[in-house]
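Trainee: One structure, as structure tokens, below. Some questions next.
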Amino acid sequence: MADTDVRDRAWRLIREQSWSGAMNMALDEIAAETAADGGPRTVRVYRWNPSTLSLGYRQDPDTVDWAFCEREGIEVTRRQTGGGGIYHDTNGDISYSIVAPKDELPSSLMDCYHLLCTPVLDAFERMGVAADFAEKELPEIYHPACYLRELHPAHDIVADGRKISGNAQYRRKNAVIQHGSLTYSVDAERHLSTFTGHDVSPETFRERVTGIDEESETSRSEAVSAVERALADWAAADDGSWTDDELERARERAAEKYADDDWVRRRPDER
């Protein structure tokens, strides 16, 4: 499916908002239900407040330094998408989601990734960051941490050979959700401290991961605006907002699922 086909549909842009980690994940689900029920497709930009460690769907909770996260006020939630954990710093992370009905997007996972990552790459270009898909897989450094796993050409975006954006998809019965993080500023020490049982140094982390503030002179607010404009232009989206009903359902979903200890701390063999 071409980009022009995407623009023929009705999309809404929800500009950057700050939500808890649990609420951010719940809003993705609710947006999918809205799109599947004939409502608008959604492109949105969001912030994690407080800073949050999001675990991959099957990640072992024993890889988390729970004491550090509690002491530092870092929320821990679990994504529907796979992969390793990601520390989303309130100031150092810029996240986005794209949500649309499944039958309007390519059935091929690779084709779908390349289509939905188009505005992400455009955003980097607007910021003056020379970023593109990883050309080759790089060896894994530490499996529990998403940004230290093997780089995958399908969905990992690099700048100057270092990862700057991770993207993931999951498919519900009638909708596709792609969400991802663009690293604005790297805090290697804090990111690594959310995990336990490793000997990865901050220097090693920085050799694998870079941030927008290292690759350009773009301020965070300018970077957010670039992502918003890229998403809006790609989808021909109108400015929009959540309905009261969507927010109510998202709060219920967050409480019963993404903020619930049983969901967050469940072990892989229990899923």
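Trainee: Count, please, the residues in segment 128-145 that happen to be closer than 18 Å to G211 by Cα, modelled with pLDDT under 95 and not small (G, A, S).
Mentor: The total comes to 1.
Trainee: Can you tell which of D122, D160 is touching a residue at least 24 places away in the same chain (Cβ under 8 Å) and at positive phi?
Mentor: Every option except D160 fails the conditions.
Trainee: Quick one: would you say W263 is assigned to a helix (DSSP H, G or I), among the aromatic types (F, W, Y) and closer than 24 Å to D62 by Cα?
Mentor: yes
Trainee: Sticking with this one: Is it true that Y57 is aromatic (F, W, Y) and under 25 Å from A230 (Cα atoms)?
Mentor: Considered against the rule, which asks whether it is aromatic (F, W, Y) and under 25 Å from A230 (Cα atoms), Y57 comes out as no.
Trainee: Inside segment 1-24, can you point out the residues that are touching a strand residue (DSSP E or B) at 6+ places or on another chain (Cβ under 7 Å) and either among the aromatic types (F, W, Y) or farther than 26 Å from D103 by Cα (or both)?
Mentor: W11, E16, Q17, S18, W19, S20, G21, A22
Trainee: I'd like the residue in segment 25-54 that is more than 11 Å from V99 (Cα to Cα) and in contact with a Gly (Cβ under 8 Å, 6 or more places away or on another chain) and, out of all such residues, is surrounded by the fewest Cβ atoms within 10 Å (Cβ to Cβ).
Mentor: Ranking the candidates gives P50 first.
Let's see how each residue does on (1) more than 16 Å from the chain's Cα centre (by Cα); (2) of a type in the set (K, R); (3) over 25 Å from D199 (Cβ atoms); (4) surrounded by fewer than 20 Cβ atoms within 10 Å (Cβ to Cβ):
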residue	(1), (2), (3), (4)
D60	yes, no, no, yes
I74	yes, no, no, no
G83	no, no, no, no
Y87	no, no, no, no
A123	no, no, yes, no
V129	yes, no, yes, no
L148	no, no, no, no
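Trainee: Moving on. Specify which of the listed residues (E222, E215) is modelled with pLDDT of 95 or more and farther than 20 Å from V158 by Cβ.
Mentor: Of E222, E215, the one residue that is modelled with pLDDT of 95 or more and farther than 20 Å from V158 by Cβ is E222.
Trainee: Name the residue that is nearest to the chain's Cα centre (by Cα), counting only residues in segment 4-24 that are small (G, A, S) and surrounded by 19 or more Cβ atoms within 10 Å (Cβ to Cβ).
Mentor: Applying the filter and picking the extreme gives G21.
Trainee: Looking only at segment 174-205, filter to residues that are exposed (fewer than 15 other Cβ atoms within 10 Å of the Cβ) and assigned to a helix (DSSP H, G or I); which one of those is nearest to the chain's Cα centre (by Cα)?
Mentor: Ranking the candidates gives E189 first.
Trainee: Please enumerate the residues belonging to segment 92-122 that are of a type outside the set (G, A, S), assigned to a strand (DSSP E or B) and within 17 Å of I164 (Cβ to Cβ).
Mentor: D93, I94, Y96
Trainee: Pick from R41, R71, R58, R7: which is in contact (Cβ under 8 Å) with a residue 60 or more places away in the chain and more than 20 Å from S181 (Cα to Cα)?
Mentor: Among R41, R71, R58, R7, only R7 is in contact (Cβ under 8 Å) with a residue 60 or more places away in the chain and more than 20 Å from S181 (Cα to Cα).
Trainee: So which strands (runs of 3 or more DSSP E) are wholly in segment 16-90 and hold at least 2 residues that are over 30 Å from E150 (Cβ atoms)?
Mentor: 41-48
Trainee: On the basis of being modelled with pLDDT of 95 or more, more than 24 Å from C112 (Cα to Cα) and either in a loop (DSSP other than H, G, I, E, B) or not β-branched (V, I, T) (or both), does E125 make the cut?
Mentor: no
The values are calculated or read from the model by the stated rules, or taken from the named source; none is laboratory data. Note that the structure is a prediction, hence the values are computed from the model and not measured. A quick note on method: Cβ atoms are made from the backbone with ideal geometry, for glycine too, and the neighbour counts reach across all protein chains shown.
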